[in-house]
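The values are calculated or read from the model by the stated rules, or taken from the named source; none is laboratory data. As the structure is a prediction and not an experimental result, all values here were calculated from the model. No Cβ is skipped: glycine too gets one built from the backbone with ideal geometry, and neighbour counts run over all protein chains shown.
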Amino acid sequence: MNRRCGISVCMAAYNGEEYIAAQLRSILSQLGDDDEIVVVDDASTDATRSRVRAFGDCRVRLIEHAQNRGIVPTFEHALRSAAREFIFLSDQDDLWVPDKVETIMREFAADPGVTLIASDAAPIDVNGVRIADSYFQASSKFSPGLWTNILRNRYMGCTMAFRATLLPAVLPLPHRFRVLHDVWIGARNALSHGQTLYIDRPLVLYRRHSTTATGRKRLSLAEKVWVRLSLLLALADFSIRKKLKIHPDLNLAERKK
């Protein structure tokens with residue numbers, strides 16, 4: 001794919017009418033004329049799509065699913081539709097701090113070897129009031145290491161940006177395993193010998209509310225073990241398929257037929 005210079009912001013949207021307009025405004029104010037926001041709506045049943053269309057901004061591309069596919073396939077659709085050299089991931093309900101794009105792009109320019117950048121985030125409530133000054137100070141310190149993140153994921157998709165050159169090492173995202181896109185991208189970057197840079201400053205206001213897509217409940221010990229095992233299985237499956245050049249939609253058993 002011939003990519004144009006600039007930024008593609010990839011957003012998976014579902015029933016986000018309450019917050020998505022404010023999030024889009026916080027992003028658009030930082031983008032240039034040649035940048036884009038790719039919003040893939042996963043068959044919302046509320047006014048999410050009309051909220052996006054109302055911007056009337058040519059930099060916002062709305063892709064609509066006829067049926068609900070889930071968060072991982074929806075993010076994959078956004079990634080495959082991105083057409084710029086740098087990809088930023090975005091949730092539908094957060095807010096970007098005013099210098100997020102400038103800060104991240106400055107770091108990419110300073111070190112061409114950096115393939116992925118993540119930052120801290122500051123949790124906010126439904127009204128935009130800060131709950132804490134730092135997400136990682138309240139939980140655990142960020143670490144880019146593969147095994148560290150298999151034990152406990154430190155990657156937050158909403159804080160991540162990466163070079164589009166990483167996409168061949170990331171796609172397809174795992175659909176048959178219980179693995180979220182953020183830890184998958186971080187793990188695949190590590191296995192591909194990519195360099196991760198962490199910015200120890202909140203560049204995202206991370207909104208917490210009852211309909212947040214992730215982090216709504218605590219996992220049991222058995223669920224935690226299964227999540228980690230799923231990531232290992234997905235990484236192994238991905239490597240085998242790449243080596244054997246098996247289509248992602250083809251079961252390994254069908255390869256022998």
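Output yes when any residue across region 183-200 is surrounded by fewer than 19 Cβ atoms within 10 Å (Cβ to Cβ), β-branched (Val, Ile, Thr), modelled with pLDDT under 85 and more than 16 Å from the chain's Cα centre (by Cα), and no when none is. Taking every residue of region 183-200 in turn, none turns out to be surrounded by fewer than 19 Cβ atoms within 10 Å (Cβ to Cβ), β-branched (Val, Ile, Thr), modelled with pLDDT under 85 and more than 16 Å from the chain's Cα centre (by Cα).
I want to confirm something. Restricting to region 146-168 and keeping residues that are in contact with a strand residue (DSSP E or B) (Cβ under 9 Å, 6 or more places away or on another chain) and of a type in the set (A, V, I, L, M, F, W, C), which single residue is farthest from residue 86 (Cα to Cα)?
Among those that are in contact with a strand residue (DSSP E or B) (Cβ under 9 Å, 6 or more places away or on another chain) and of a type in the set (A, V, I, L, M, F, W, C), it is 156.
Checking 57, 94 one by one, the residue that is within 27 Å of residue 201 (Cα to Cα), in contact with a Leu (Cβ under 8 Å, 6 or more places away or on another chain) and of a type outside the set (Phe, Trp, Tyr) is 94 and no other. Scanning region 144-168 for residues that are surrounded by fewer than 20 Cβ atoms within 10 Å (Cβ to Cβ), more than 22 Å from residue 93 (Cβ to Cβ) and touching a residue at least 24 places away in the same chain (Cβ under 8 Å) returns 144, 145, 146, 150, 151, 163, 164, 165, 166, 167. The single residue among 193, 175, 209 that is at positive phi and either of a type outside the set (S, T, N, Q) or not in a strand (DSSP E or B) (or both) turns out to be 193. Of the listed requirements (1) assigned to a loop (DSSP other than H, G, I, E, B); (2) closer than 29 Å to residue 65 by Cα, residue 168 misses just one: (1). Pairs please, first residue from region 169-180 and more than 11 Å from residue 242 (Cβ to Cβ), second anywhere and of a type in the set (A, V, I, L, M), Cβ atoms under 6 Å, 6+ apart in sequence or on different chains. The qualifying pairs are 170/185; 173/72; 174/234; 177/233; 177/234; 178/227; 179/231; 179/234. Answer yes or no as to whether residue 224 is modelled with pLDDT under 70, surrounded by fewer than 15 Cβ atoms within 10 Å (Cβ to Cβ) and out of contact with any helix residue (DSSP H, G or I) (no Cβ under 7 Å at 6 or more places or on another chain). When the stated conditions are applied, residue 224 does not pass them. Taking region 119-153 as the range and being β-branched (Val, Ile, Thr) and under 26 Å from residue 105 (Cα atoms) as the test, only 124 passes.
Of the set (1) touching a strand residue (DSSP E or B) at 6+ places or on another chain (Cβ under 9 Å); (2) under 16 Å from residue 36 (Cα atoms); (3) not hydroxyl-bearing (Ser, Thr, Tyr), all apply to residue 71 but (2). Within the bounds of region 52-65, is there any residue that is under 15 Å from residue 78 (Cβ atoms) and in contact with a His (Cβ under 7 Å, 6 or more places away or on another chain)? The answer is yes; a qualifying residue exists.
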